[in-house]
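Report on the structure given below.
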Amino acid sequence: MIKIPVHGVICLLICSLIGCNSRINGRVSASLLNPLDTEIFELTILHLNDTHSFIKGDHFNLLNDAILLNTKKKDGSPINKITVSFGGYPKLITLFKKEEEASQNVLKLHAGDSITGTKYYTLFKGPKHVSPDSVMMNQICFDAFTIGNHEFDDGDSGLADFIDDLHAHACNTSVISANTKLSKNSAAVMGEKIQPYVIINKGGIDIAVVGITIGYKTAISSNPDNGTTFLSELETAQITINKLTRLGVNHIVLLTHNQYQRDIDMAKTLSGVDIIVGGDSHSLLGDSTFTNLGFHAVGDYPTITRNADGDVVCIVQAWENTHLMGKLHATFKNGKISSCEGFPLMPIGEVFTYEDIDGTNKLLSKNDQQNVLAFLSREDELVAVTDNPEALMRIEQYDQQIDTLLKQVIGFTDENLCLERIPGQGRSNINGCRKLTYRHGSDITAIIAKAFWLTVSDADVAIQNSGGARVDFPKGKISFSDLYDLLPYSNRIVTADISGAKIIAVLESALANHIDNGGSTGSFPYAFGLRFNVDTSKRAGFRISEVEVISRKTMMWSAIDTSRKYRIVTNNFLSTGKDGYKEFSNIKWTDTYIDYHDPLAHFIERLSEQNLKISKLPKEEYSIKSFIDPDGCNHSIYDDCVYAW
């Protein structure tokens, strides 16, 4: 990578305004930046954010057009794609320890959303278990952790339980959020577990780390208790900085879960801030190293701006899902940033595989492994590390419990919740379900859509494809295993604002996918908060009619407004335009990073807490008001339509 010193960036900023002649090796003269040079302090920050219970690592495919390999596929053809393992806590723990030992005055920070996103959260949450995320975080031993919106997904009590797990270790990471105001009941339970900031002394210098949690998003899209509120991020940050300045603390780090662009905007408005270590937007910052690997960097690491005082502010973020660690090195002179530099470090494995012609994964030869490692290691951002043995052991212990936990009963139903794709198709494995779903379609898919709608509290409409649901829920017990059988895919739920006209268009495209284009019947659309007539005997573009939406406030139905924007929640598979939902592909989606399974799991568990069973929705809540098959047979009138899908 090419490293551009912050001095050079500052020089460009200043010279563009006043013109400059004073340069030293391409840098602005220190005397130009800060005439006083009596106190120099260097700080290294190692940081994560938005790890979302991705305990294990991931992999990417390295397209090989530059490495000469001796290994060949079975048929003698060359290997053009190499699988590289990267990220995950076992590698990150090793990397944190290595970088901490190599640096002085180190802060280790986590900018929120540690939890929710994989089965390691869904299956191990609650007071009966110790959170795998807390176990991994405590091996790194963060100095501070700010609360993200997803820390409230299971209410204030869920947050309290996670903090208890985090503090069960001698590390005792400081949990901070200056703008989170807990309800009276929650404050009584949590006591002093959450602080607005923490002051940490490094090298004889006091550094204040201030926590900021994104407010509106947390209140709307997560599940904080009634009475728990969030103050203005900007105003709270400034009030807290002013307080710290009066206490004589002049090195200020904001640890925010507040989105990359919002951090930039906030930095320009604030007085007294030096560094912002952020999260929430899952922003990958860096240079062409990551772009060349097929990832999308959205800004510089670090991103440099100036605060309201005209002083330099360094802003960083470390992507998502334990993919990498951010490493920032900042130099202070007289309590002000004079330079900052760094780049994210992506830990990679030292073993590389390829896919043979028969679909099996095989190891490269030892010599080829070394060649690939040497090629990747040319980039400073890619660091080969070994997995931390203790982390591997703890993951294995959790994995051994998963089969047992999947059998855990989370709820009950006193009636068959039938699976169907298209009304009358007969996809259910339960005798009698074809008749029960003949008019209005799948029971369980309608419930999935409602669970999405309830989870995203400002959504107008939830849309789910029929093929995303795979099994019935027979009468009786419902376990986690049943839930994962129903929703076997590793998806997340996403949101976007879409016009009424485009909603109708995407419903039409979903139908055309299997009626006209030979696609799967799994594209047949279901929804909650939206209902419509379907006439598959008509030509494309005219099959959906009498579309209505429901008001969250009144729960009354009204005709869709084709010019109005509606907030849609769906799964991230459909959001890419797959399964015929092509209109979704050119829309800007917001990833909630909520695991596909969690909304339905929460829906069932909340009913169980009230001693209620999950049951079919009222017929007026089903998305299909009426259905006519391609032969023109109306399922609302005739009971014997037999079109063979």
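The values are calculated or read from the model by the stated rules, or taken from the named source; none is laboratory data. These figures come from a predicted structure and were not determined experimentally. So basically every Cβ, Gly included, is an ideal-geometry build from the backbone, and we count neighbours across all protein chains shown. Note: accessible area is taken over every heavy atom of the protein model, side chains too, but ligands, DNA and RNA are not part of it. Shrake-Rupley method; radii C 1.70, N 1.55, O 1.52, S 1.80 Å.
State the answer as a single residue: which of Leu376, Leu345, Pro474 lies farthest towards the positive end of the charge dipole of region 317-475, with beta carbon charges of +1 for Lys and Arg and -1 for Asp and Glu, about the Cα centre.
Positive-end residue among those listed: Pro474.
For a quick check: with amide H placed at 1.01 Å from N, whose amide H comes under 5 Å from Leu417's, ignoring anything fewer than 5 positions away on the same chain?
For Leu417, the qualifying residues are Phe473, Lys475.
Can you give me the long-range amide H partners of Gly411? Hydrogens built in the peptide plane at 1.01 Å from N, cutoff under 5 Å, separation of 5 or more residues or another chain.
Ile478
So how strong a dipole does region 490-563 carry about its Cα centre when Lys and Arg Cβ are +1 and Asp and Glu Cβ are -1, to the nearest 20 debye?
With Lys and Arg at +1 and Asp and Glu at -1, about 160 debye.
Between Lys181 and His129, how high is the FRET efficiency from 1/(1 + (r/R0)^6) when r is the Cβ-Cβ distance and R₀ = 35 Å? Nearest 0.05.
Working from the Cβ atoms, E equals 0.80.
Pick out, from Tyr120, Val549, Tyr526, the residue whose Cα sits farthest towards the positive end of the charge dipole of the chain, with +1 on the Cβ of Lys and Arg and -1 on the Cβ of Asp and Glu.
In the chain, that residue is Val549.
Contour minus end-to-end for Ile67 and Asn242, with contour as 0.36 nm per residue of separation and end-to-end as the Cα-Cα distance?
Net length gain for the segment: 57.5 nm.
Compute the angle between helix 233-246 and the longest alpha-carbon principal axis of the chain, please, reported from 0 to 90 degrees and rounded to the nearest 10.
Long axis of 233-246 versus the principal axis of the chain: about 20 degrees.
Using Cα pairs under 8 angstrom and six or more residues apart, how large is the relative contact order of the chain, in percent?
The normalised contact order for the chain reaches 13 percent.
With a 10 Å radius around each residue's Cβ, average the other Cβ atoms per peptide and rank 73-79, 91-97, highest first.
Per-residue Cβ counts within 10 Å, averaged per peptide and sorted highest first, yield 91-97, 73-79.
Please name which of Asn465, Asn361, Asn185 has its Cα lying farthest along the dipole of the chain towards the positive end, using unit charges on Cβ (Lys, Arg +1; Asp, Glu -1) and the Cα centre as origin.
Working it through, the farthest residue towards the positive pole turns out to be Asn465.
How large is Rg over Rh for the chain, taking Rg from the Cα atoms and Rh as the Kirkwood inverse mean of 1/r across Cα pairs?
Using only Cα positions, Rg/Rh for the chain is 1.01.
Calculate one ³J(HN,Hα) per residue across region 584-597 by plugging θ = phi - 60° into the Karplus curve 6.51 cos²θ - 1.76 cosθ + 1.60, and present them in order as whole Hz with x for glycine and proline.
My calculation for region 584-597 gives 6, 6, 10, 10, 7, 9, 10, 7, 7, 6, 8, 4, 3, 7 Hz in order.
What spacing in nm lies between the two simple spin-label points modelled at Leu363 and Glu235, each 7 Å away from Cα in the Cβ direction?
6.2 nm
Across region 186-192, in residue order, what do the Karplus-derived ³J(HN,Hα) couplings come to in whole Hz, using 6.51 cos²θ - 1.76 cosθ + 1.60 with θ = phi - 60° and x for Gly and Pro?
Using θ = phi - 60°, the values come out as 5, 4, 5, 6, 7, x, 9 Hz.
With everything on Cα atoms, drop me the angle between helix 443-455 and the longest principal axis of the chain, reported from 0 to 90° to the nearest 10.
Tilt of helix 443-455: around 30 degrees.
How far, in degrees from 0 to 90, does helix 500-515 lean away from the longest principal axis of the Cα atoms of the chain, to the nearest 10?
60 degrees
By accessible area of protein heavy atoms, probe 1.4 Å, what ranking do Asp561, Asp65, Asp154 get, highest first?
The ranking, largest first, comes out as Asp65, Asp561, Asp154.
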